Structure formats: C-alpha cells, structure tokens
1. If you count only protein heavy atoms and use a 1.4 Å probe, how large is the accessible surface of Val10, to the nearest 10 Å²?
2. If the reach is capped at under 26 angstrom between alpha carbons, list the lysines near Lys159, excluding any in the same chain fewer than eight residues apart.
3. If the only charges are +1 at each Lys and Arg Cβ and -1 at each Asp and Glu Cβ, what is the size of the charge dipole of the range 228-278 around the Cα centre, to the nearest 20 debye?
4. Apply 1/(1 + (r/R0)^6) to the Cβ-Cβ distance of Leu243 and Ala272, taking R0 = 56 Å, and write down the FRET efficiency to the nearest 0.05.
5. Would you kindly state how much longer the chain becomes between Ala211 and Glu136 on full extension, computed as 0.36 nm times their sequence separation minus their alpha carbon distance, in nm to one decimal?
6. Using helices alone, what [θ] at 222 nm do you get for the chain, with -39,500 (n - 2.57) per DSSP H run of 4 or more residues, divided over all residues and rounded to the nearest 500?
7. With just the Cα atoms defining each centre, how far is the range 315-365 from the range 262-308? Give it in Å.
8. About its Cα centre, what dipole magnitude does the chain give when the only charges are +1 on Lys and Arg Cβ and -1 on Asp and Glu Cβ, stated in debye to the nearest 20?
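The values are calculated or read from the model by the stated rules, or taken from the named source; none is laboratory data. Keep in mind the model is a prediction, meaning the values are calculated, not measured. Here the Cβ positions follow ideal geometry from the backbone for every residue, glycine too, while neighbour counts run over all protein chains shown. Please note that ligands, DNA and RNA were not included when accessible areas were found on the heavy atoms of the full protein model with its side chains. Shrake-Rupley method; radii C 1.70, N 1.55, O 1.52, S 1.80 Å.
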Amino acid sequence: MTETTALDHVDLADPQLFADPDHHGLFRRLRDHDPLHWNPEGVEPGFWSVTRYEDCLAVQKDSVTFSSAGTNVLGQQRWTGDEGSGRMLTHTDGRRHTELRQMVNQSFTPRAVAKLEPYLRSVIGHSLDRALEEGEVDFVDTVALLPIASIAALLGVPKEDWELLLGLTSAAFGSADRELQTSPDARVSAAVAHSRLLLYCQDLMDQRRVAPRDDLVTRLVEAQRDGLLSEEDAMLFFDLLLLGGNETTRHGAVGALLALIESPRQWELLRADRRLLNSAVAEVLRYVSPSKHVLRRAERDVELHGRRIEAGQDVAIWHFSANRDERAFPDPDVFDITRKPNAHLALGSGPHYCLGASLATLELGLYLDELCNRVASATVLAQPALLATSVINGYKHLRVRLLPA
Ligand code: HEM
C-alpha cells in the first residue's frame with residue numbers, strides 16, 4: 001500500500017484518533033504526501049483538510065471563498081444544524097461579522113485587557129500557592145479558574161459569582177473529550193447548568209438595563225437597544241465569550257507547564273531572563289496549539305494541489321499541523337522559547353483572528369512569570385492521557401508535584 005492510499009483510510013473526524021500521541025506523525029505524512037486530503041464520509045459527512053502552513057493561512061484569510069457562516073468546527077452540528085449559523089460572531093462573514101466584532105472590540109484591545117493585570121496575577125498566584133501547599137495536584141484543575149475569572153471580569157460578572165460561573169460553565173460544556181461528558185446523568189446536568197447560565201445572563205442584562213456600567217454585558221444590552229442583536233443573540237454572544245477563551249487558555253497553560261518540565265533548560269532560561277516572556281508565550285501557543293482546527297465551507301469551486309474543492313464542500317484548517325510544518329518552522333518539534341520569527345497560527349488569522357488574543361497572551365505571560373517566581377520544578381506523577389477530541393489539544397488530567405522556588 002502506498003503512503004497516499006494508507007492515508008485514504010484515515011478518519012480525521014474520529015475524536016479517538018487524537019488520543020494517540022502519534023497523531024503528529026500522521027499529520028506530518030499528510031503534509032508531505034496528501035496536502036489537500038479528502039476525508040470520505042465516516043463518523044460525519046466527507047470534508048477536505050489542509051495541513052500545510054501556507055495553505056492553512058491562505059484558506060483562513062480568504063473568507064469570501066471560504067465561509068464561516070455554517071459552522072466552524074467538525075462535529076454533529078454539521079448535519080443537525082448549528083444554532084449560531086449566520087448569527088454568532090464566529091458563524092458570520094463580511095458586513096455582519098464586522099458589525100458584531102466592532103460591537104465588542106474595544107473591550108479586547110491590549111490597553112483594555114492590561115487593566116486586568118494585577119487582578120489576574122493574584123488569581124494565578126493564589127492557584128499556584130494552593131497547589132504548592134497541596135504538593136500533588138491535577139494541574140488541569142489548578143489552572144481552571146484563570147480563564148473564567150478573566151472573561152468574567154470583562155463581562156462584568158461580580159467577583160462573588162465567579163466560582164458559580166466556573167461550576168456552571170464546567171457542568172454545561174465540560175470538556176471537549178467525549179469520555180468526560182457523555183454519561184446520561186452528565187448530559188442532563190449539562191442541560192440544566194446551561195439553562196441556569198442563560199438565566200444568569202438574562203438576569204445580569206436586566207440589571208444593566210437599569211444601571212449600565214463599563215462592561216461587556218452593558219454592551220450587549222446597548223446592542224439590543226440599537227437593534228443589532230435580539231435577546232437570544234445576546235445570550236449566544238455571552239455563551240461564546242465564556243467558551244471561546246476557556247478550554248483553549250486552560251490547556252495552553254497546562255501544555256506550557258508540561259513543555260517546561262520536558263525542557264528544563266528552557267525553564268531555566270526563562271527564569272533567568274523574563275525579557276523572553278513574550279517569545280515564550282508565542283512558542284507555547286505554537287508548540288501546544290490549544291485549538292486544533294477550524295472549519296470553512298467553499299463558496300465556489302477552487303483548485304488546490306491539482307484537486308478540486310467543490311462549492312458547498314467543507315474544508316478543515318488544521319492550524320496545529322501548520323504550527324509543526326517543517327516548511328515554516330525549523331525543528332518544529334523542538335520547544336524553543338527564543339524562536340524568531342514565530343508567526344504561528346494558534347490564534348487563527350484573517351477576519352476571524354482570535355478576538356481574545358491580547359487577553360490570552362496576557363494570561364499566559366502572567367502565568368509563565370508567576371510560575372517562574374513561585375515554582376522551582378515540577379514532576380509528572382502519571383503519564384497524562386490526551387483528550388480524545390479534534391477540537392482542543394489538551395490532557396484529561398496532569399498529575400504533578402510542584403516544588404516551591
Ligand atoms: C490560548 C488561548 C486561545 C486560543 C488558542 C484561541 C484560538 C482561537 C482561534 C484559532 C480562533 C479563530 C477561529 C476561526 O477562525 O474560526 C479564535 C477566535 C476567537 N476567539 Fe480565541 N483563542 C484563545 C483565547 C481566547 C480568549 C481568552 C477569548 C476571550 C473571550 C477568545 C475569544 C475568541 C472569539 C470570540 C473568537 C471569534 C472571533 C471571530 O470569529 O471574529 N479566545 N480563537
């Protein structure tokens with residue numbers, strides 16, 4: 001069997017494939033031998049995949065040819081329909097997308113998120129100190145509060161409700177891993193938690209209607225008043241903002257710790273010279289790539305690598321593979337916090353480039369800084385198992401022992 005025929009039998013929509021650490025090898029073979037890969041119908045309808053850096057960049061930038069309006073990730077919503085289609089920021093193109101983005105942009109500028117720094121530092125410090133006291137912890141839990149606390153602060157959720165929000169968000173959306181979410185009981189509790197979350201959002205919007213503040217929930221209320229959003233759209237937006245930066249940032253932080261444990265010289269380097277923090281964050285994002293892929297639909301026929309993508313067909317953009325493409329990054333499997341240039345695609349590119357990019361980089365930078373301040377070293381206590389999902393790159397658990405600096 002030739003390499004290309006062997007690749008014909010791979011189903012990239014199968015979440016289980018990503019529980020095997022060797023999936024990086026599989027994507028290397030795809031980049032080399034089948035850069036525009038057709039995935040026949042398997043666990044879901046057929047779709048194309050681009051895996052090389054240059055192709056991922058080109059497809060993501062061309063939102064006229066490759067639309068986000070249907071859905072933006074693989075999954076069952078491709079045949080059941082996606083409630084966000086044509087309505088949510090992530091699921092719109094062109095004018096409507098720009099309009100929605102402008103509505104919230106000012107809350108996500110580097111200057112706006114920088115105001116959160118002291119408070120985020122204290123959240124991180126508190127979580128790390130608690131983990132150090134406990135000695136042995138599941139680091140996936142240790143970093144859980146950071147992303148929720150960050151977005152809750154921007155939304156305007158009062159501090160006393162952050163733990164509640166964390167509990168509801170975890171119960172409602174849980175992990176992207178099927179094994180961690182599909183028992184019947186878990187599904188019922190997920191639905192109940194999601195309803196409570198939406199009621200919470202409605203309640204907060206009612207409060208802001210009466211007493212507006214300088215926060216994102218007030219912006220969602222103003223957008224309803226200006227006829228830009230329906231109340232349901234505003235609640236979808238609230239959901240998106242809570243979710244967009246949650247698992248991604250969490251697993252970015254977990255992956256960062258693991259990378260530093262596996263490359264102690266890099267940890268030493270960063271501890272000794274914090275001017276490397278920005279390039280360390282970029283390298284964490286490239287190396288970990290917490291978001292594995294996004295999906296687009298072709299609006300017209302397109303030729304690529306001698307094959308034809310037909311109008312109406314879906315194309316998965318595997319940016320985690322682009323970030324390990326030897327054509328774009330020398331020694332791509334090496335974690336190197338001094339890497340330059342490092343034009344990774346972990347936060348996407350083009351019109352849908354991550355809205356929370358400044359927030360995510362701030363969170364990860366503060367987290368790396370505090371890790372260097374407080375933790376001398378860490379030991380992995382049990383082989384971590386990868387999440388079985390094509391959406392998020394992360395681990396089910398990461399049991400570690402932390403030693404204080
Ligand atoms: C390490 C953390 C993060 C990673 C890896 C990440 C990754 C991404 C990627 C790849 C996209 C592009 C999606 C597409 O092209 O369809 C995106 C978009 C987005 N991200 Fe992030 N993200 C992170 C953190 C955050 C945070 C903290 C927020 C805060 C709310 C956020 C909110 C969003 C939103 C709302 C979009 C949609 C933008 C649009 O469609 O115009 N993300 N993110």
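1. About 30 Å², ignoring ligands and nucleic acids.
2. Result set, ordered by chain and number: Lys115.
3. Working: 5 positive and 8 negative charges, 125 e Å.
Here the size comes out at about 600 debye.
4. Numbers: r = 37 Å, r/R0 = 0.66.
Efficiency, rounded to the nearest 0.05: 0.90.
5. Values: separation 75, 0.36 × 75 = 27.00 nm, distance 4.49 nm.
Fully extending the segment from Ala211 to Glu136 adds 22.5 nm.
6. On the way: 18 runs with 203 residues, N = 405.
It lands at -15500 deg cm²/dmol.
7. 2
8. Values: 43 positive and 58 negative charges, 202 e Å.
The dipole magnitude comes to about 960 debye.
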